[in-house]
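Note sheet for the following structure.
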C-alpha cells in the first residue's frame, strides 16, 4: 500500500506520466488532470466501462480534451466487449476518427473521407496512421433483440434442455446466430419461424398457454418415479403452497429433509447410493442446491414451475395453477 500511494502521488505531481492498473482505480479514485485513457479491459458491463471512462472525463484547468485509445473493439469475436462505439450506439468504426467531438470537427473528418483525402493530423499527439478504412461493427445485442435465445427455445417446446443442447452440438439444429462467450461457451439465438420449423421437423409440440396445463399433467404421468426427486418436489409444493400456488423455498428444503430422513428412520433406502440423502452429512444449502439443480430444473425448463430469487419462493406457473382441478 505504501508503494502504491507513492506511485499515485508521483502521478499527481507528474513525476510519473503513465499508470497501468488491473482491477484497481475503477472507483473511489479521482485524477482530473488525466488527459489520455488506454481502455484495454474487455467488459460486458456498461457500468464498469463508464466507470473506467469516467477516470478521464473530469474537468481541469489547462485540459481541453480527452484522448481515449480503445483497444477492446477487437478483443473478442463479434466485438462483444463494451467500447465507446457500443456505449454511444455508433455502428461505423473509422480508425483515428473522432467519436466524441464538436460537430464541426467530426464533419471535417467526414468531408475529407468523402473526398478521398488521407488525414495527416487528427489530434496533437504523436500518432501516425499508415492507412484507415471504415469497418462495420457487428453489435450482436441489437441483432438478437427480436430473436429467441436457446433458453427461451427450450421453454417453448416439450423437450428437455439437454436434448436441444445435444441436437445443436450434433448439428441437427442450426441456430440463426451463435455468439461465443469465452473460449468454450456459445450463446445461440433463433428466429421464431425457425423454432416452429425445428419443432415440426422433430415432432416436438410447442408449449402454449392453451395446452400448458395438459402438458404439465402429461409430463407427470410419464416421468420415472423410481429414485426421483420430482414427485417429492411436487408433494412439498402442494403441501405448503398458498392460494396462488406459491411456496417458500426453505419450506421445500425442510420437506425434503423430513421426507428422506423419515425413510431412513424406518429402515428404508433414502435414495440412490450417491445421493446426499443416502450418504448423510449434508446441509440445508446442499439440499437447496440439489433441489434447484435436479428436479426443479426439469419443470423450469418448460415453464411449469418458476422461481423468484428475490424472495426465495417457487410457484406453479399461474397459467397451469388456474386450470388444475382437485382431481388433478
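The values are calculated or read from the model by the stated rules, or taken from the named source; none is laboratory data. Treat the numbers as computed from the prediction; the structure is a model and nothing was measured. Reconstructed Cβ throughout: ideal geometry from the backbone, glycine too, with neighbour counts over all protein chains shown.
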Considering each of 43, 34 in turn, give the residue that is at pLDDT 85 or above and either at negative phi or part of a loop (DSSP other than H, G, I, E, B) (or both). 34
Please go through segment 224-246 and give me each residue that is in contact (Cβ under 8 Å) with a residue 24 or more places away in the chain and out of contact with any strand residue (DSSP E or B) (no Cβ under 6 Å at 6 or more places or on another chain), ordered by number. 227, 228, 229, 230, 232, 233, 235, 244
Looking only at residues in segment 261-272 that are over 16 Å from residue 294 (Cα atoms) and surrounded by 15 or more Cβ atoms within 10 Å (Cβ to Cβ), which one is nearest to the chain's Cα centre (by Cα)? 270
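Could you tell me how many of the residues in segment 158-176 are in contact (Cβ under 8 Å) with a residue 40 or more places away in the chain, surrounded by 16 or more Cβ atoms within 10 Å (Cβ to Cβ) and either outside any helix (DSSP H, G or I) or in the same structural domain as residue 294 (by TED's automatic domain parsing) (or both)?
Step one: of segment 158-176, the residues in contact (Cβ under 8 Å) with a residue 40 or more places away in the chain are 158-161.
So of that shortlist, the ones also surrounded by 16 or more Cβ atoms within 10 Å (Cβ to Cβ) come out as 158-159, 161.
Right, trim to either outside any helix (DSSP H, G or I) or in the same structural domain as residue 294 (by TED's automatic domain parsing) (or both) and you get 158-159.
Going through segment 158-176 one residue at a time, the tally reaches 2.
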Please enumerate the residues belonging to segment 280-295 that are touching a residue at least 60 places away in the same chain (Cβ under 8 Å) and in a helix (DSSP H, G or I). 290, 291, 295
How many residues does segment 224-235 hold that are over 18 Å from residue 268 (Cβ atoms) and either over 31 Å from the mean Cα position of the chain (by Cα) or not assigned by TED's automatic domain parsing to the domain that holds residue 275 (or both)? 1
Checking 155, 106 in turn, the sole residue that is modelled with pLDDT under 80 and in a helix (DSSP H, G or I) turns out to be 106
Within segment 298-328, residues under 23 Å from the mean Cα position of the chain (by Cα), part of a helix (DSSP H, G or I) and in contact (Cβ under 8 Å) with a residue 40 or more places away in the chain come out as 298, 299, 301
